[in-house]
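Just so you know, all these numbers are worked out from the coordinates, no wet-lab data involved. Predicted model, so just to flag it, every value in this text is computed and none were measured. In this analysis, Cβ positions are derived from the backbone assuming ideal geometry, glycine residues included, and neighbour counts consider all displayed protein chains.
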């Protein structure tokens, strides 16, 4: 089984969501199902069916979170250093064609958020950046077409 890298903060968020689902959502939906059952005929009881659908979603999410945590390899980027791009690094890039500069932090798939400047380690851009140094150029096939970036800066923490 392949371990999935995640930051300590990302692991905490997953654990908190799992705890919330088990201690708050699961008991609430069990109660909702019990109340809906009391209303009689289950075949035409929309409340009951909605509650069962919600229960199914919650149980699926619990299993998903448990699997993600079981496969998680917690890596603290603040303890990393070096001159090559790796998990947890913030990488400043320059688009060779347009001169536009962007900075991305490379995180685990469950923590990435492009709007917040973080990309998944499994994304095409991150995969092409891993192991590169300042001054290196990378050509990446993106949904909008091929792009070439130059690595301007790499930092950890």
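If contacts are Cα pairs under 8 angstrom and at least 6 residues apart, what is the relative contact order of the stretch 92-157 in percent? Kindly include the intermediate steps, with their values, before the conclusion.
Numbers: 109 pairs, mean separation 21.1, N = 66.
Computed value for the stretch 92-157: 32 percent relative contact order.
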**Virtual spin-label span in nm between residue 76 and residue 37, 7 Å along Cα→Cβ** = 4.7
**Asked** If the stretch 4-74 were replaced by its equivalent ellipsoid, with semi-axes equal to the square roots of 5 times the Cα gyration tensor eigenvalues, what would those be, largest first, whole Å?
**Response** 33, 11, 6
**Item:** Theoretical ellipticity at 222 nm over the chain - DSSP helices of four or more residues, -39500 (n - 2.57) apiece, nearest 500
**Value:** -12000 deg cm²/dmol
**Prompt:** Hey, fewest Cβ within 10 Å first, where do 87, 156 land in order?
**Reply:** 156, 87
**Request:** Using a/c under 1.5 as the rounded threshold, could you call the stretch 77-155 rounded, prolate or oblate? The axes a ≥ b ≥ c are square roots of the C-alpha gyration tensor eigenvalues, and prolate needs a/b larger than b/c, oblate otherwise.
**Result:** oblate
**Request:** Calculate how steeply helix 26-37 sits against the longest principal axis of the alpha-carbon atoms of the chain, using the helix alpha-carbon long axis, and give the answer as 0 to 90 degrees to the nearest 10.
**Result:** 30
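Semi-axes, largest first, in whole Å: what does sqrt of 5 times each Cα gyration tensor eigenvalue give for the stretch 48-95?
Values: eigenvalues 313, 45, 9 Å².
Semi-axes from the Cα gyration tensor: 40, 15, 7 Å.
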